[in-house]
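Participant: The structure's right below; bear with me while I get my questions together.
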Amino acid sequence: MDECGNGDGGEVPSLSGRGEKEGTGPASSSSSHKDDDEGDFSPTSVLITGGAGFIASHVATLLVERYPKYKVVVLDNLEYCGSLQNLSRAKDKKNFFFVEGDILSCDQVRDALERHGVDTVLHFAAQTHVDNSFGNSLEFTMTNVYGTHSLLEACRVYGKIRRFVNVSTDEVYGEQSFGSGQSSCEKSVLEPTNPYSAAKAGAEMMVTAYSKSYGLPCITTRGNNVYGPGQFPEKLVPKLILLARRGAKLPIHGSGESRRSFLHVDDVKEAYDLILHKGVVGEVYNIGTQRERRVLDVAGDVCALGGLDPAVHVEHVADRRYNDRRYFISDAKVRGLGWSPRVDWPEGLRRTYEWYAETDLSKFWRNRDIEEALKPHPTFRRRGSHQG
């Protein structure tokens with residue numbers, strides 16, 4: 001058995017440099033953070049970057065409502081895919097604070113850290129849409145790599161961070177072949193294939209460097225596809241839902257045979273709650289499911305909810321420059337913390353469909369170009385902001 005539990009084999013090299021056994025290595029053995037690793041971690045003031053975006057806003061709202069003693073500070077530059085409406089349940093709570101700012105500015109980050117006495121960072125801010133990365137790759141490097149570096153440096157100089165959770169993606173592992181039962185675990189080699197995943201891998205390397213060089217207590221997560229309420233409709237599931245509701249064609253890149261694993265955001269936010277409080281410093285955690293669906297099947301499921309005939313309404317369009325065929329990750333490690341997904345695909349998709357049917361998107365994303373998002377290959381130029 002290899003370290004991922006996949007048959008026979010030796011140690012799998014990891015580009016992330018986390019080849020040590022659990023609980024060892026410079027980050028997790030740092031004496032200044034020893035007490036945090038001996039029991040459940042309890043933050044006092046949490047900074048969430050990109051917190052007006054999709055996944056981060058759900059995590060922020062959970063923390064605000066579940067832990068009223070925590071101060072929850074959202075830092076966001078309110079780019080196109082984020083919305084303050086995502087934070088509507090949290091915004092009037094006494095323990096919630098919003099700061100309009102950008103991770104590219106060390107000064108803005110330092111001011112937020114100092115002003116709110118932050119001791120914990122959940123780093124969601126990123127440019128995330130793969131289609132955009134092919135046309136605007138330098139912007140992805142700027143936000144995802146340089147922005148992460150800027151944030152890390154601000155945290156290092158500030159000197160009071162007890163936990164830094166870096167949000168990455170399963171795409172850093174690269175694609176896997178069909179018919180393979182092998183899954184990528186946290187020690188698998190990183191082989192990103194597009195500018196987005198390469199930039200996220202680069203951000204991971206910077207996080208690892210700050211952990212090893214400066215003792216910053218870091219944890220990294222790598223998640224698969226997430227869907228649910230509040231996701232900007234450039235992404236597959238909301239795009240298909242909105243087009244289906246119009247009775248329009250549903251564009252599918254290439255053959256549609258690529259497979260993806262989908263988690264509902266309600267399950268993902270619970271994973272972050274556990275990782276924040278029970279995760280081990282210096283470790284990586286996959287957040288995913290091994291229940292896969294072809295992209296073509298996703299379109300068929302959406303058509304079924306909308307009463308449409310896939311043979312009529314599904315339209316094959318030009319594929320991406322490079323479209324990974326499959327991601328397949330092991331979630332055994334995060335399950336060891338007590339997590340498991342509870343929302344199955346049919347129920348989650350139905351709830352998501354209903355949310356988009358009931359929500360006035362022109363008010364939810366004010367002054368955002370929804371029509372551009374619904375194109376087969378949308379293009380947005382932005383400074384970056386959100387995970388999801």
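Participant: Among Asn166, Gly202, Ser188, which residue has its Cα positioned farthest towards the positive end of the charge dipole of the range 157-243, with +1 placed on the Cβ of Lys and Arg, -1 on the Cβ of Asp and Glu, and the dipole taken about the Cα centre?
Facilitator: Asn166
Participant: Mind checking the full-extension length gain between Ala311 and Thr44? Use 0.36 nm per residue of separation minus the Cα-Cα distance, one decimal, nm.
Facilitator: Taking 0.36 nm per residue and subtracting the Cα distance, the gain is 90.7 nm.
Participant: Work out the FRET efficiency for Arg66 and Ser362 from their Cβ-Cβ distance, taking R0 = 41 Å, and round it to the nearest 0.05.
Facilitator: Plugging the Cβ-Cβ distance into 1/(1 + (r/R0)^6) gives 0.85.
Participant: Follow-up question, since we're still on this one. Going by average Cβ density within 10 Å per residue, which order do the peptides 211-217, 350-356 take, highest to lowest?
Facilitator: Ranked from most to least packed, the peptides come out as 211-217, 350-356.
Participant: Give a residue-ordered list of calculated ³J(HN,Hα) values for the range 292-297 (Karplus: 6.51 cos²θ - 1.76 cosθ + 1.60, θ = phi - 60°; whole Hz; x for Gly, Pro).
Facilitator: Once rounded to whole Hz, the list reads 9, 9, 5, 4, 4, 5.
Participant: Mind checking the angle between helix 195-214 and the chain's longest principal axis? C-alpha axes, 0 to 90 degrees, to the nearest 10.
Facilitator: With both axes taken from Cα atoms, the answer is about 10 degrees.
Participant: Between Ser184 and residues 5 or more places away or on another chain, which pairs have amide H atoms under 5 Å apart, with H built 1.01 Å from N, and which residues are they?
Facilitator: Under 5 Å from the amide H of Ser184 lie the amide H atoms of Phe328, Ile329, Ser330, each far enough along the sequence or on another chain.
Participant: So, one more: Please work through the chain and write down the cysteines that have no neighbouring cysteine Cβ at a distance under 4.7 Å.
Facilitator: By the Cβ distance rule, which asks for a partner under 4.7 Å, the isolated cysteines are Cys81, Cys106, Cys155, Cys218, Cys303.
Participant: Can you compute 3J(HN,Hα) from phi for each residue in the range 100-110, using the Karplus curve 6.51 cos²θ - 1.76 cosθ + 1.60 with θ = phi - 60°, rounded to whole Hz and x for Gly and Pro?
Facilitator: The phi angles translate into 7, x, 10, 5, 6, 9, 4, 5, 5, 5, 4 Hz.
Participant: Further question: Could I get the Rg over Rh figure for the range 304-388? Both from C-alpha atoms, Rh via Kirkwood, rounded to two places.
Facilitator: When Rh is taken as the Kirkwood radius, the ratio is 1.01.
Participant: For the chain, evaluate the Debye formula with one uniform point scatterer on each Cα (no solvent term) and list log10 I(q)/I(0) at q = 0.14 Å⁻¹, rounded to two decimals.
Facilitator: Normalising to I(0) and taking log10 leaves -1.25.
Participant: Using 0.36 nm per residue, how much length does the chain from Thr379 to Val157 gain when fully extended, once their Cα-Cα distance is taken away?
Facilitator: Working it through step by step, the gained length comes to 76.3 nm.
Participant: Same structure again: So how tilted is helix 236-246 from the main axis of the chain? Cα-based, degrees 0 to 90, rounded to 10.
Facilitator: Roughly 30 degrees, rounded to the nearest 10.
Participant: Would you please give the residues with an amide H less than 5 Å from that of Asp319, counting only those at least 5 places away or on a separate chain, with H modeled from the backbone geometry?
Facilitator: Gly254
Participant: Could you work out how far apart the two model spin labels at Glu371 and Asp297 are, taking each label as a point 7 Å from the Cα in the direction of the beta carbon, and quote it in nm?
Facilitator: About 3.6 nm separates the two model spin labels.
Participant: Hey, another quick one. Let me have the relative contact order for the range 189-293, percent, based on Cα pairs under 8 Å that are six or more residues apart.
Facilitator: Normalised by residue count, the contact order of the range 189-293 is 37 percent.
Every number in this text was worked out from the coordinates using simple rules, so none of it is lab data. Since the structure is predicted, the reported quantities are computational estimates derived from the model, not experimental observations. Heads up, the Cβs are rebuilt from the backbone with ideal geometry, glycines too, and the neighbour counts pull from every protein chain shown.
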